[in-house]
1. If you place +1 on the Cβ of every Lys and Arg and -1 on the Cβ of every Asp and Glu, how big does the dipole about the Cα centre of segment 183-266 come out, in debye to the nearest 20?
2. Using the Cα centre of segment 64-177 as origin and beta-carbon charges of +1 (Lys, Arg) and -1 (Asp, Glu), tell me which of LEU169, ASN98, PHE153 is placed farthest towards the positive end of the dipole.
3. Rounded to the nearest angstrom and ordered from largest down, what semi-axes does the equivalent ellipsoid of segment 64-177 get from its C-alpha gyration tensor (root of 5λ)?
4. For MET235, list long-range residues whose amide hydrogen, built 1.01 Å from N in the peptide plane, is under 5 Å from its own amide hydrogen.
5. Okay, which of segment 125-169 sit inside 18 Å, backbone N to the point 7 Å along the Cα-Cβ direction of LYS99?
6. Answer with one residue from LEU198, SER219, LEU188: the one whose Cα lies farthest towards the positive end of the charge dipole of segment 183-266, charges on Cβ with Lys, Arg +1 and Asp, Glu -1.
7. With +1 on the Cβ of every Lys and Arg and -1 on the Cβ of every Asp and Glu, and nothing else charged, how large is the dipole of segment 64-177 about its Cα centre, in debye rounded to the nearest 20?
8. Indicate the gyration tensor shape class of segment 183-266 (rounded, prolate or oblate), computed on the Cα atoms with a ≥ b ≥ c the square roots of the eigenvalues: a/c under 1.5 is rounded; otherwise a/b larger than b/c is prolate and the rest oblate.
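What follows draws every value from the coordinates through simple rules; no lab data is involved. Keep in mind it's a predicted model, so treat the numbers as computed, not measured. Cβ coordinates were reconstructed from backbone atoms using ideal geometry, including for glycine residues, and neighbour counts include every protein chain displayed.
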Amino acid sequence: MFNSSSALNKLSHMASKPQRFRHLAGNTLQGAAVKKPRTLTTNSAASDPNPMKDAFSKYAAYLNDLNDKRERLVKASRDVTMNSKKVIFQVHRISKHNKDEVLEKAEKDLAAVMEQHMSRVVKELQGTDFWKLRRAYTPGVQEYIEAATLCNFCKTGALLNLDEINASLLPLSDPSVEPMQINVLDYLLGLADLTGELMRLAMGRISDGELEFAQKICSFVREIYRELTLIAPKMDDSSDMKSKMDVMLQSVKKIENACFSVHVRGSEYVPFLGSDDTSFSLLGMPEIE
């Protein structure tokens, strides 16, 4: 038989399930509203600093500053190179008639190179480890050494040494920090380039009949080459110097051959093209009257 009380109990139980579902859903939504979402952050709390991140931040800032400094040095080095070459071209205009005038103009131009362009290099490198940035500025420094030593030789007949060059750079530095000083390697590489300019100068002086000056240049270049042959094998960074030593030897041979030819075949040498000297004879033959 159908039990009415049992059926009513089942119906009341089934009717109460939706109310329980709504109650559970409400509790779930309420819990979801209270629960905080998860977040991922790289910022360290003030009470718990991250030393690794701080170290990387400092190193990144250091590299950025170093790259910016390198770019500025490259630009300054190009300006030093370009203007130093102008000084060298000025010196090659020298002759026994305009020596003082040409050298005075060359010295003024060289002083301008130092004040306007070398000063930028000095300010960037003072108080820093210049070896890290040497490749950025060494072409300009070598060209400046070449121009300075060439001017000094034409004026005094002596070699401008490294201490004298570095002393001239001291006024450009801040006395409160370590001054930038040209290193021995760049100085020697500049001297190697100097011999090529002296070879060109000697050829010009021979063509103008200044044989004594050309022979003086020959002895000077030969002495530089002899000294560098003793030093170059002991240099750590000798790859650049090795190639320059080969070029230097060719320059020495050219000057020696030119001076030797003039000495041996002096009667055939034409010292002044278009000379007005009536006693001048061409190829050792007397003038035809």
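1. On the way: 11 positive and 13 negative charges, 76 e Å.
Once rounded to the nearest 20, the dipole reads 360 debye.
2. ASN98
3. Details: eigenvalues 160, 41, 24 Å².
Whole-Å semi-axes of the equivalent ellipsoid: 28, 14, 11.
4. Close amide H contacts, sequence-distant or interchain: none at all.
5. Within reach of a label on LYS99: 149-160.
6. Comparing the listed Cα positions along the dipole, SER219 ranks first.
7. On the way: 18 positive and 17 negative charges, 83 e Å.
For segment 64-177, the charge dipole is close to 400 debye.
8. Values: a/c = 2.89, a/b = 2.44, b/c = 1.18.
Prolate.
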